[in-house]
Every structure is written in structure tokens, then in C-alpha cells.
Amino acid sequence: MILPVVKYGHPVLRAKGAKIEGISDDVTKLIADMFATMYASKGIGLAAQQVGHALQLSVIDVRGVTDRPSSLELDGKSADIDSIMPLVLINPELTASGEFVTAPEGCLSFPEIYADVTRQGFVTVKALDGKGKQISFKCGGLLARAVQHEVDHLNGILFIDRMTRKAKDEIRDEIELVQAETKAQLKKLSRKN
């Protein structure tokens, strides 16, 4: 089922996700719904907060992106990115490393808004997959950027928080418009209830 994507201005986007203690039927269904939502929205990553759930859960799939390559290491050896896609990260722990790289980012919670964000080039990830099995890998390129972006969401951090003041100022009007629309929708919903 395709879920509505929560837009900037909704308080759940600033919520730190709760740890997932077990893979219940509800969690399995949420993962499937998040993939369906991400694909329908033409995204490469989606965090639970973006569909209204403050949980330590995100989904990623960078297979369709050819202009921004990714690298992957499993057990210290180079591996094919497709071997872990689509990717589910539950309760992820990250260690970022390498040079800082500035590149454009977008976010489904900020429709049609893109800006440069600086992040470290590599990240080592430890997490549970969608079946509750421990996984670990090191990645670079677009996958490293996507993992850092999604794990930020799980901690209530948004990509606008990582932008330079100059980059944020250039898109301030668009950001404020999304926020105002979201707050108006929330106000309308609270009146109905």
C-alpha cells in the first residue's frame, strides 16, 4: 500500500525513532508499504518518520541510479551493489569516514527541493535487515550519502540541517512554503477531530 509522505513542518520528522525490538507482522507490512511508497514517489530512500512512524527503520534502493555510482564492501572485499538491494536498515549504527564530499540532495519530505549537502564519502553500517538478521557493510558514493541521509531522519535530523547557510538561504522561500502548507493541513485535520 502506498502511504502518504509526511512533508516538512510535520512534528514526526523531528522525532527520534524508537528501537525496533522484533520483526512483527506490523513491521513487515510497514517495510513493504515503505518500499511501495518510495518506488511510487521515485525516491531512493525513505525513513519511517517520512510515513508518520517514529521508528529506527529505513529502506533504500540505489539500483536505478547510473549517473552517481556507489561502492560496496562486504567482509572487506569489493561487492556488487545489487547483492544487498533493496536494502532494509533496522536500528542502524553508522561510522562515517573519508574525505568530505559536497553533492546535491533531495528529500521526499521536501518535494522538488534540491541543494548541496556535505557528507563524508564512506560509511560503515551495522544494522538488522528486514528479517531481523544482523548485517554489516561499508559503502561509498551515492549509497553512503543515502544511508547518512536516511539515518539522519531516524534521529530527527533533516537535510536542511546539514546545508550551509548560503545553500539554505537560496531555497528558503521553497522550504517555508512547504512548511506553511503542512501546518495548514495539520490545522485543518485537528479541527475535524
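Quick notes on this one:
- Among the listed pairs Lys29/Lys138; Lys16/Lys192; Lys29/Lys168; Lys19/Lys131; Lys16/Lys133; Lys7/Lys29, those with a Cα-Cα distance over 26 Å are Lys29/Lys138; Lys16/Lys192; Lys29/Lys168.
- The modelled label-to-label distance for the pair Glu99/Gln185, using points 7 Å beyond Cα in the direction of Cβ, is 4.0 nm.
- Shown for Ser71, Ser97: other C-beta atoms within 10 Å of each C-beta, ranked fewest to most, produce the order Ser97, Ser71.
- Helix-only arithmetic for the chain: the sum of -39500 (n - 2.57) across DSSP H runs with n ≥ 4, divided by the residue total, places the mean residue ellipticity at 222 nm at -9500 deg cm²/dmol.
- Relative to one another, the C-alpha centroids of segment 163-193 and segment 86-123 are positioned 21 Å apart.
- The eigenvalues of the Cα gyration tensor, multiplied by 5 and square-rooted, give segment 11-192 an equivalent ellipsoid with semi-axes of 26, 22, 14 Å from largest to smallest.
- By the compact-protein rule of thumb, 2.2 N^0.38 Å, the alpha-carbon radius of gyration of segment 91-146 corresponds to a ratio of 1.29.
- Karplus-derived 3J(HN,Hα) values for segment 62-67, using 6.51 cos²θ - 1.76 cosθ + 1.60 with θ = phi - 60°, are 9, 4, x, 9, 9, 8 Hz; glycine and proline are entered as x.
- Computed from phi, the 3J(HN,Hα) profile of segment 141-146 under the Karplus parametrisation 6.51, -1.76, 1.60 (θ = phi - 60°) reads x, 4, 4, 4, 5, 5 Hz, with x in place of Gly and Pro.
- The chain: relative contact order in percent, alpha carbon pairs under 8 Å with at least 6 residues between: 26
- Proxy reagent accessibility, fewest Cβ within 10 Å first, across Arg63, Arg119, Arg191, Arg145: Arg191, Arg63, Arg119, Arg145
We did not get these values from a lab; they are worked out from the coordinates using the rules stated. Note that the structure is a prediction, hence the values are computed from the model and not measured. When we count neighbours, we look across all protein chains shown, and the Cβ atoms used for this are built from the backbone with ideal geometry, even at glycine.
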